[in-house]
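The values are calculated or read from the model by the stated rules, or taken from the named source; none is laboratory data. Note that the structure is predicted; figures quoted are calculated from it, not measured. Backbone-built Cβ (ideal geometry, glycine too); neighbour counts: all protein chains shown.
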Amino acid sequence: MKLNLNEEARSALIDIGGSRGIFIEGNILKLLEPCDDAFKEYIDTALAKDTERRKKRLEITKQVQDKNKELEEKAQENDDLMSELKEALAVAEDAKEAALSDLDVMQKKSQFQLIGSIVSYALWVIVGTGIITTFMYIMAIYWGSTETTLIGNTWSNLFGILLTNSFSIIGTIMGVKYANKDEDKE
(Lines give C-alpha, C1' and ligand atoms only; values in the text may rest on other atoms or scores of the structure.)
Protein backbone atom coordinates (compact mmCIF):
# COMPACT_ATOMS: atom_id res chain seq x y z
CA MET A 1 0.00 0.00 0.00
CA LYS A 2 1.40 3.34 -1.08
CA LEU A 3 0.49 6.71 0.45
CA ASN A 4 -0.57 9.39 -1.93
CA LEU A 5 -0.20 12.87 -0.44
CA ASN A 6 -2.13 15.84 -1.75
CA GLU A 7 -0.43 18.72 -3.57
CA GLU A 8 -0.39 21.00 -0.55
CA ALA A 9 1.34 18.41 1.71
CA ARG A 10 3.88 17.55 -1.01
CA SER A 11 4.79 21.21 -1.61
CA ALA A 12 5.05 21.87 2.16
CA LEU A 13 7.48 18.93 2.54
CA ILE A 14 9.52 20.12 -0.47
CA ASP A 15 9.70 23.70 0.94
CA ILE A 16 10.76 22.56 4.42
CA GLY A 17 13.39 20.25 2.92
CA GLY A 18 14.77 22.98 0.71
CA SER A 19 14.73 25.87 3.19
CA ARG A 20 15.57 24.17 6.47
CA GLY A 21 17.16 20.90 5.37
CA ILE A 22 14.57 18.89 7.32
CA PHE A 23 13.39 15.73 5.58
CA ILE A 24 11.11 12.85 6.47
CA GLU A 25 13.09 9.84 7.54
CA GLY A 26 12.50 6.22 8.32
CA ASN A 27 10.42 3.49 6.73
CA ILE A 28 7.57 5.86 5.88
CA LEU A 29 9.60 7.05 2.89
CA LYS A 30 9.10 3.63 1.27
CA LEU A 31 5.34 4.12 1.44
CA LEU A 32 5.18 7.57 -0.19
CA GLU A 33 4.01 7.68 -3.80
CA PRO A 34 6.17 9.91 -6.01
CA CYS A 35 3.48 11.76 -8.00
CA ASP A 36 5.68 14.22 -9.85
CA ASP A 37 9.38 14.79 -10.53
CA ALA A 38 9.83 17.37 -7.74
CA PHE A 39 8.36 15.04 -5.10
CA LYS A 40 10.36 12.10 -6.53
CA GLU A 41 13.51 14.20 -6.16
CA TYR A 42 12.44 15.07 -2.55
CA ILE A 43 11.91 11.37 -1.73
CA ASP A 44 15.26 10.39 -3.30
CA THR A 45 17.05 13.15 -1.34
CA ALA A 46 15.22 12.14 1.86
CA LEU A 47 16.15 8.47 1.31
CA ALA A 48 19.81 9.41 0.70
CA LYS A 49 19.92 11.60 3.83
CA ASP A 50 18.10 8.90 5.83
CA THR A 51 20.64 6.30 4.71
CA GLU A 52 23.47 8.65 5.58
CA ARG A 53 22.01 9.39 9.06
CA ARG A 54 21.44 5.70 9.72
CA LYS A 55 25.07 4.98 8.81
CA LYS A 56 26.23 7.74 11.18
CA ARG A 57 23.98 6.47 13.97
CA LEU A 58 25.19 2.91 13.36
CA GLU A 59 28.79 4.09 13.42
CA ILE A 60 28.19 6.01 16.67
CA THR A 61 26.41 2.97 18.15
CA LYS A 62 29.37 0.76 17.21
CA GLN A 63 31.79 3.27 18.74
CA VAL A 64 29.74 3.40 21.93
CA GLN A 65 29.58 -0.40 22.05
CA ASP A 66 33.34 -0.63 21.50
CA LYS A 67 33.95 1.92 24.26
CA ASN A 68 31.56 0.06 26.57
CA LYS A 69 33.32 -3.20 25.83
CA GLU A 70 36.69 -1.54 26.47
CA LEU A 71 35.39 -0.01 29.70
CA GLU A 72 34.06 -3.38 30.84
CA GLU A 73 37.45 -4.97 30.13
CA LYS A 74 39.20 -2.19 32.07
CA ALA A 75 36.72 -2.59 34.92
CA GLN A 76 37.43 -6.33 34.98
CA GLU A 77 41.17 -5.62 34.98
CA ASN A 78 40.68 -3.17 37.86
CA ASP A 79 38.64 -5.74 39.78
CA ASP A 80 41.35 -8.34 39.20
CA LEU A 81 44.04 -5.91 40.34
CA MET A 82 42.02 -4.99 43.42
CA SER A 83 41.60 -8.63 44.37
CA GLU A 84 45.33 -9.22 43.83
CA LEU A 85 46.10 -6.16 45.96
CA LYS A 86 43.80 -7.41 48.69
CA GLU A 87 45.48 -10.81 48.62
CA ALA A 88 48.93 -9.17 48.69
CA LEU A 89 47.83 -6.98 51.59
CA ALA A 90 46.58 -10.02 53.49
CA VAL A 91 49.88 -11.83 52.84
CA ALA A 92 51.81 -8.75 53.97
CA GLU A 93 49.70 -8.49 57.13
CA ASP A 94 50.32 -12.18 57.87
CA ALA A 95 54.04 -11.69 57.28
CA LYS A 96 54.03 -8.66 59.57
CA GLU A 97 52.25 -10.62 62.31
CA ALA A 98 54.71 -13.49 61.90
CA ALA A 99 57.68 -11.10 62.04
CA LEU A 100 56.31 -9.38 65.16
CA SER A 101 55.69 -12.75 66.76
CA ASP A 102 59.22 -13.91 65.90
CA LEU A 103 60.65 -10.65 67.25
CA ASP A 104 58.68 -11.05 70.47
CA VAL A 105 59.89 -14.64 70.84
CA MET A 106 63.49 -13.57 70.22
CA GLN A 107 63.22 -10.74 72.76
CA LYS A 108 61.74 -13.07 75.37
CA LYS A 109 64.43 -15.64 74.61
CA SER A 110 67.12 -12.98 74.99
CA GLN A 111 65.55 -11.77 78.23
CA PHE A 112 65.31 -15.33 79.52
CA GLN A 113 68.97 -15.96 78.65
CA LEU A 114 69.99 -12.69 80.30
CA ILE A 115 67.98 -13.51 83.42
CA GLY A 116 69.50 -16.99 83.45
CA SER A 117 73.00 -15.52 83.21
CA ILE A 118 72.30 -13.02 85.99
CA VAL A 119 70.91 -15.73 88.27
CA SER A 120 73.80 -18.04 87.47
CA TYR A 121 76.46 -15.41 88.24
CA ALA A 122 74.61 -14.25 91.34
CA LEU A 123 74.45 -17.83 92.63
CA TRP A 124 78.15 -18.33 91.93
CA VAL A 125 78.99 -15.15 93.83
CA ILE A 126 76.74 -16.14 96.73
CA VAL A 127 78.07 -19.70 96.89
CA GLY A 128 81.69 -18.52 96.44
CA THR A 129 81.39 -15.91 99.15
CA GLY A 130 79.70 -18.41 101.45
CA ILE A 131 82.39 -21.02 100.85
CA ILE A 132 85.22 -18.53 101.41
CA THR A 133 83.65 -17.10 104.57
CA THR A 134 82.89 -20.61 105.90
CA PHE A 135 86.46 -21.70 105.11
CA MET A 136 87.83 -18.66 106.99
CA TYR A 137 85.55 -19.38 109.98
CA ILE A 138 86.58 -23.05 110.04
CA MET A 139 90.25 -22.11 109.80
CA ALA A 140 89.87 -19.59 112.66
CA ILE A 141 88.21 -22.30 114.81
CA TYR A 142 90.82 -24.89 113.80
CA TRP A 143 93.76 -22.66 114.67
CA GLY A 144 92.11 -21.59 117.88
CA SER A 145 91.91 -17.91 117.04
CA THR A 146 90.43 -15.56 119.59
CA GLU A 147 88.59 -13.73 116.84
CA THR A 148 86.10 -16.55 116.15
CA THR A 149 83.28 -14.54 117.73
CA LEU A 150 83.92 -11.64 115.35
CA ILE A 151 84.31 -13.95 112.37
CA GLY A 152 81.16 -15.86 113.41
CA ASN A 153 79.13 -12.66 113.58
CA THR A 154 80.56 -11.57 110.24
CA TRP A 155 79.84 -14.99 108.79
CA SER A 156 76.26 -14.86 110.07
CA ASN A 157 75.72 -11.29 108.80
CA LEU A 158 77.27 -12.14 105.45
CA PHE A 159 74.96 -15.15 104.97
CA GLY A 160 71.99 -13.01 105.96
CA ILE A 161 72.97 -10.33 103.43
CA LEU A 162 73.66 -12.93 100.71
CA LEU A 163 70.36 -14.66 101.37
CA THR A 164 68.49 -11.33 101.31
CA ASN A 165 70.21 -10.32 98.08
CA SER A 166 69.53 -13.65 96.42
CA PHE A 167 65.82 -13.36 97.26
CA SER A 168 65.87 -9.76 96.04
CA ILE A 169 67.38 -10.85 92.70
CA ILE A 170 64.86 -13.65 92.31
CA GLY A 171 62.00 -11.33 93.28
CA THR A 172 63.13 -8.74 90.73
CA ILE A 173 63.41 -11.36 88.01
CA MET A 174 59.96 -12.76 88.79
CA GLY A 175 58.52 -9.22 88.85
CA VAL A 176 59.98 -8.50 85.40
CA LYS A 177 58.67 -11.82 84.12
CA TYR A 178 55.12 -11.20 85.35
CA ALA A 179 55.20 -7.56 84.19
CA ASN A 180 56.01 -8.79 80.68
CA LYS A 181 53.08 -11.22 80.82
CA ASP A 182 50.71 -8.38 81.77
CA GLU A 183 51.98 -6.26 78.86
CA ASP A 184 51.30 -9.17 76.45
CA LYS A 185 47.70 -9.44 77.69
CA GLU A 186 47.03 -5.75 76.99
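Here are the numbers for this structure:
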| read-out | value |
| --- | --- |
| Every pair of residues 6+ apart whose Cβ atoms lie under 6 Å, when the first sits in region 108-127 and is closer than 16 Å to THR172 by Cα while the second is part of a helix (DSSP H, G or I) and among the hydrophobic types (A, V, I, L, M, F, W, C) | ILE115/ILE173; ALA122/ILE169 |
| Any hit, region 49-67, residues being in contact (Cβ under 8 Å) with a residue 12 or more places away in the chain, in contact with a strand residue (DSSP E or B) (Cβ under 9 Å, 6 or more places away or on another chain) and farther than 30 Å from SER166 by Cβ | no |
| Only listed residue being in a helix (DSSP H, G or I) and within 29 Å of ILE14 (Cα to Cα), chosen from GLU77, GLU52, GLU84, GLU72 | GLU52 |
| Criterion (surrounded by 13 or more Cβ atoms within 10 Å (Cβ to Cβ), assigned to a loop (DSSP other than H, G, I, E, B), out of contact with any strand residue (DSSP E or B) (no Cβ under 8 Å at 6 or more places or on another chain) and of a type outside the set (S, T, N, Q)) met by exactly one of GLU41, GLU25 | GLU25 |
| Those residues of region 149-169 which are loosely packed, with under 13 Cβ neighbours inside 10 Å and farther than 13 Å from THR133 by Cβ, in sequence order | THR149, THR164, PHE167, SER168 |
| Residue check for LEU114: among the aliphatic types (A, V, I, L, M) and either at pLDDT 90 or above or touching a helix residue (DSSP H, G or I) at 6+ places or on another chain (Cβ under 8 Å) (or both) | no |
| Residue among ALA95, ALA140, ALA75 that is more than 58 Å from the chain's Cα centre (by Cα), surrounded by 10 or more Cβ atoms within 10 Å (Cβ to Cβ) and modelled with pLDDT of 75 or more | ALA140 |
| Extreme residue, modelled with the highest pLDDT, among residues of region 21-47 that are under 17 Å from GLU7 (Cα atoms) and out of contact with any helix residue (DSSP H, G or I) (no Cβ under 9 Å at 6 or more places or on another chain) | LYS40 |
